[in-house]
Amino acid sequence: MIIRTILAASAAALALAPVAASAQTMLKFAHVYESSEPYHTCAVAASDKLLAATDNRYGIEVFPASSLGKEVDINEGLGLGTVDIIYTGQLFAGRAYGPIAIGGAPFMFRDYAHWDAYRHSDLFKELSEGYEKATGNHIVSLTYYGNRHVTSNKPILKPEDMKGLKIRVPNAPLYMMFPKAVGANPTPIAFAEVYLALQQGTVDAQENPLPTIQAKKFYEVQKDINLTAHITDALLTIVGGPTWNQLSDADKEALSTVLQETAECATQQIIDKEKELAAWFEEQGVTVNEVDRGPFIEATKKMHNGDMATWDQETYDRLQAIQ
């Protein structure tokens with residue numbers, strides 16, 4: 001009986017050996033967003049596309065919701081080779097190469113069309129190349145994250161309403177520009193910990209796009225959504241240097257194409273969700289406040305090229321000149 005079992009196990013191992021030998025490499029794609037969000041679902045769909053484009057040499061396994069670490073951790077993981085691909089905010093990437101952060105600064109874009117022109121511009125291409133020289137990591141696409149709005153437990157209709165407000169911001173210095181411009185108290189907290197911080201009153205407010213406010217259920221612990229639209233935000237998709245450099249030119253092109261399609265997939269879904277969510281939040285009993293953005297813009301623009309800027313005047317002027 002024992003001999004038959006051993007022989008059966010050996011036969012099974014031999015049967016599996018050819019499959020294992022021809023198995024493709026699965027690239028680890030890490031991010032901090034929920035599995036229900038378009039960033040994740042579009043990334044999951046990218047695996048089959050990459051398998052087809054590389055004759056099954058490469059696929060993608062996606063790790064959502066900070067399962068491979070907080071945003072700071074996964075940025076570090078790119079260079080270490082512990083992750084292959086990440087979504088990250090421009091301000092996090094700006095820690096390694098300051099000028100790339102300009103696209104995530106408050107009131108930097110006039111509207112969505114201005115942002116869309118920027119992501120297809122020579123300026124964005126040059127900034128991406130600068131980031132790669134500084135880090136060794138390769139930016140492949142920019143995905144629309146949405147207009148960031150302030151949530152709170154009171155209406156915020158003018159800059160003075162934010163004075164002294166303890167507001168959670170992501171752990172990257174430039175996220176503090178807008179709160180500081182209007183006299184609020186910015187408090188960095190990891191994304192996975194924000195709901196609890198709001199629930200327990202550790203902070204009074206937070207800021208994120210409407211789809212994120214829905215996905216992370218922040219509306220359950222905040223009474224007001226104030227449509228400040230203070231950042232037209234986006235996520236960089238970055239491939240780590242150790243991974244990028246081992247790919248053939250053909251596989252680099254295939255991966256780039258697939259990840260650019262992924263960016264378009266998520267971007268369109270976020271645009272669609274933004275259009276419908278204000279009404280949805282009101283159905284949940286949340287007050288959605290229209291805001292005169294003019295005074296907020298004026299307060300913040302004074303800081304665009306001040307001490308917090310990580311870009312030079314020429315870069316700023318080129319971005320503002322984009323039509």
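Computed values, structure above
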quantity: Residues with amide H under 5 Å from that of residue 68, placed H, sequence gap 5 or more; calculated: 31
quantity: Signed unit charges on C-beta, dipole axis of segment 231-323, positive-most listed residue 232, 285, 308; calculated: 308
quantity: Contact order relative to length of the chain, as percent, for alpha carbon pairs under 8 angstrom and 6 or more apart; calculated: 24 percent
quantity: Under-5 Å amide H pairs with residue 184, H placed in peptide plane, nonlocal only; calculated: 164
quantity: The chain, accessible surface, carbon-and-sulfur percent (1.4 angstrom probe); calculated: 52 percent
quantity: For segment 163-240: accessible area per residue (Å², 1.4 Å); calculated: 30 Å²
quantity: Size of segment 49-200 as Cα extents on the principal axes (Å, biggest first); calculated: 57, 37, 27
quantity: Sequence-distant residues sharing a close amide H with residue 141 (under 5 Å, placed H); calculated: 237
quantity: Partners for residue 166 among aspartates and glutamates (Cα-Cα distance below 14 Å; same-chain residues under 8 apart left out); calculated: 204, 207
quantity: Charge sum, other residues only, whose C-beta stays under 11 Å from residue 37's C-beta, Lys/Arg counted +1 and Asp/Glu -1; calculated: +1
quantity: Cross-link table 70/223; 216/273; 49/275; 163/217, entries beyond 23 Å C-alpha to C-alpha; calculated: 70/223; 49/275; 163/217
quantity: Inverse mean reciprocal Cα-Cα distance (Kirkwood Rh) of the chain, Å; calculated: 21.0 Å
quantity: For segment 144-169 and segment 24-53, distance of Cα centres in Å; calculated: 32 Å
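The values are calculated or read from the model by the stated rules, or taken from the named source; none is laboratory data. Keep in mind that what you see is a predicted model, and the values were worked out from it rather than measured. Backbone-built Cβ (ideal geometry, glycine too); neighbour counts: all protein chains shown. What goes into the accessible areas is simple: the full protein's heavy atoms, side chains included, and nothing from ligands, DNA or RNA. Shrake-Rupley method; radii C 1.70, N 1.55, O 1.52, S 1.80 Å.
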